[in-house]
Amino acid sequence: MTATKRVLITGAGGFIGHHLARYLVAQGHWVRGADLKLPEFEETPGQEFELLDLRRADDCARAARGVDEVYNLAANMGGIGFIEANRALIMHDNVLINIQMLEAARLAGVKRFLFTSSACVYPQRLQQSTDVTPLREEDAYPADPEDGYGWEKLFTERQCRHYREDYGLDTRVVRFHNIYGPLGSYEGGREKSPAAICRKVALAEDGGEIEVWGDGNQTRSYCYIDDCVEGIDRLMRSDHHDPINLGTDRLIPVNELVDIVSAAAGKTLRKRYDLAKPQGVRGRNSDNAHLRAVLGWEPRVPLEEGMARTYRWIEGQLRAQGRIAARARDAAVA
Ligand code: NAD
């Protein structure tokens, strides 16, 4: 039984923030969300939701008033295409959000502050083959993170440490590895590859083809959203303040992810490779030794099950918009 807390979730209008709000409310906590936008696909479950621009110090102060804990998830981010095309914007916005939310939390007397970092902090040199060695937390230095987005994450990780050491703000830092699930963006440029693949498979006709970015041999590990929010909660209740991976360590090629989604859809599809599209590092996996040791736990939702749930949700969205039925009709007429 956990004691009731008053918490702020920044980025609660986004994918992980919204799921986290639902999880913490279900645990009996009082939740305030803050974001530029309301959640897109469901009403917020929290007691309060404030539309704020956290690039502004006064909005950060407003968001942080009267809470015990801050879960700082707000970020200007997206899939690999967005991240590679918007480095200046991403660094500008996210530096402002993160350094000002830390300061607002300190001034408001917040007891614990979580920063959501990323596997993008790891050096490019350790991610150059498809059969990469899983990345350990200490591998982040000597630093050579993903340009723009990864540098900002690493910078804010440091600032969390400085706030803990200099001001006694109790910080937690989690490095996510490809979180996926329902209620996330699936089109428009901000979506990540699991959601994009689900959309493409849902819109393709059985026997047809879908486009894959790169040659499809690039490898990743993927973590289902329910595991992600449980991991966040466990980390916040632990006394571990150094950065820690949160992901699975099942490494698979993107081609296999496409096959898993196609199987969930009951479709046979050909893959057309677009080698001109950004594909990120060649391989990336999470080393979960610290996660297991610190939390006595690790993610457990099998990829096939999580992707089937995600596919069904995205397919349902597209169907509700009439976009799948329309394709089937067109195909029948042709
Ligand atoms: P998301 O884009 O769905 O959510 C981020 C939210 O931040 C959005 O709702 C956005 O409107 C909000 N935001 C952006 N600028 C803001 C501003 N100026 N003021 C207030 N709100 C603002 O992304 P997500 O997938 O839910 O990611 C949450 C956090 O986890 C981010 O910090 C992200 O960098 C990190 N992360 C996510 C993944 C992943 O796989 N999804 C991987 C690594 C790290």
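Candidates Glu191, Glu205: the one that is part of a loop (DSSP other than H, G, I, E, B), within 16 Å of the ligand (Cβ to nearest atom) and not basic (Lys, Arg) is Glu191. Across the range 17-26, the number of residues qualifying as touching a helix residue (DSSP H, G or I) at 6+ places or on another chain (Cβ under 6 Å) and under 24 Å from Leu96 (Cα atoms) comes to 1. Taken over the range 1-54, the residue count meeting the criterion of being of a type in the set (Phe, Trp, Tyr) and crowded, with 21+ Cβ neighbours inside 10 Å is 1. From the list Ala276, Ala293, Ala308, Ala264, the lone residue that is assigned to a helix (DSSP H, G or I) and exposed (fewer than 14 other Cβ atoms within 10 Å of the Cβ) is Ala293.
Among the residues of the range 1-21 satisfying the criterion of being without any contact (Cβ under 8 Å) to a residue 40 or more places away in the chain and of a type outside the set (A, V, I, L, M, F, W, C), which is farthest from Tyr180 (Cα to Cα)? Among them, the one singled out is Thr4. Of the residues making up the range 86-107, those that are small (Gly, Ala, Ser) and surrounded by 18 or more Cβ atoms within 10 Å (Cβ to Cβ) are Ala104, Ala105. Regarding Val110, is this residue in contact with a strand residue (DSSP E or B) (Cβ under 7 Å, 6 or more places away or on another chain) and within 30 Å of Arg309 (Cα to Cα)? When the stated conditions are applied, Val110 does not pass them.
Elements of the type strands (runs of 3 or more DSSP E) sitting completely within the range 1-106 and holding at least 2 residues that are modelled with pLDDT under 95 and near the ligand (Cβ under 10 Å from one of its atoms): there are none. Of the residues screened, Glu211 is one that is in contact (Cβ under 8 Å) with a residue 40 or more places away in the chain and farther than 20 Å from Cys120 by Cβ. Of everything in the range 160-186 that is in contact with a helix residue (DSSP H, G or I) (Cβ under 6 Å, 6 or more places away or on another chain) and in a helix (DSSP H, G or I), the residue that is farthest from the ligand (Cβ to nearest atom) is Tyr167.
Each row is one residue, and each column tells you yes or no for (1) of a type outside the set (Ser, Thr, Tyr); (2) touching a residue at least 24 places away in the same chain (Cβ under 8 Å).
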position	(1), (2)
Val110	yes, yes
Tyr122	no, yes
Leu126	yes, no
Glu146	yes, yes
Gly150	yes, yes
Thr156	no, yes
Asp170	yes, yes
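Out of all the residues in the range 22-57, which are more than 13 Å from Leu183 (Cα to Cα), in contact (Cβ under 8 Å) with a residue 60 or more places away in the chain and not hydroxyl-bearing (Ser, Thr, Tyr)? Scanning the range 22-57 gives Leu24, Gln27.
The values are calculated or read from the model by the stated rules, or taken from the named source; none is laboratory data. Model, not experiment: these values are computed from the prediction. Neighbour counts run over all protein chains shown; Cβ positions are idealised from the backbone, glycine included.
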